[in-house]
Amino acid sequence: MINIELKNQPIVDTDKYKSVTNTPTALYGAVVKDEYDDKRLINDQAEYYTHSVTDIITDTPVDIYFRAVRLSQPLLAIKILNDFKSLGEDTQSRNAEYEHLLSKFNMTCSDSLNMLYGGCLPIDGGCLKDFADRSKVDVLSYNFDQYEWYNRFSSLGIYILY
């Protein structure tokens, strides 16, 4: 059993997270927010990644951590990124503009919009079919004997890092 108190602790071993330097790239997986997530999101296929981004409201740097796999359709990620960069700098309307941009690709970000940063574009995990053959992406192969059912699952998303 994982102690729920770990939700209040920062990630202890950040050295195992590899910095994403070859950008743009697209990841599919879960955001690791604290030590609780770090302990419970165990998977043989997914890797540990970190990426430095900028909060678009406060203009402050933020490091985000992922337990994810790299996706194989960089051209789609590049197209979305280029269209996003043409939106301009108005942070007040950025969320609505980004949601509208994704709708042109028949994609959404309603479950992951809180991850919209300078350096990270979120897309809901349900849009995975546009980025990869889902049968080859198995980030849900968790050890079912290790933790209680409610500790094993997390919201999965696609993250275009730039």
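Every number here is computed from the coordinates shown, using simple stated rules; none is lab data. This is a predicted model, so every value here is computed, not measured. Cβ sites come from the backbone with ideal geometry, for glycine too, and all protein chains shown count toward neighbours.
Assorted remarks:
- For the chain, the longest principal axis of the C-alpha atoms and the axis of helix 74-85 are separated by about 60°.
- Remark: spin-label model distance residue 44-residue 3 equals 3.0 nm, labels positioned 7 Å along the Cα→Cβ axis.
- Principal-axis tilt of helix 94-103 within the chain, Cα atoms, nearest 10 degrees: 90 degrees
- Cα-projected label distance for residue 86 with residue 108, points at 7 Å along beta-carbon direction, nm: 2.6 nm
- Relative to the Cα centre, the charge distribution of the range 6-135, modelled as +1 at Lys and Arg Cβ and -1 at Asp and Glu Cβ, gives a dipole magnitude of about 360 debye.
- Principal semi-axes in Å for the chain [√(5λ), Cα gyration tensor, largest first]: 27, 18, 14
- Above-threshold pairs, the threshold being 29 Å between Cα atoms, out of 16/79; 7/104; 18/79; 18/85; 39/85; 33/129: 16/79; 7/104; 39/85
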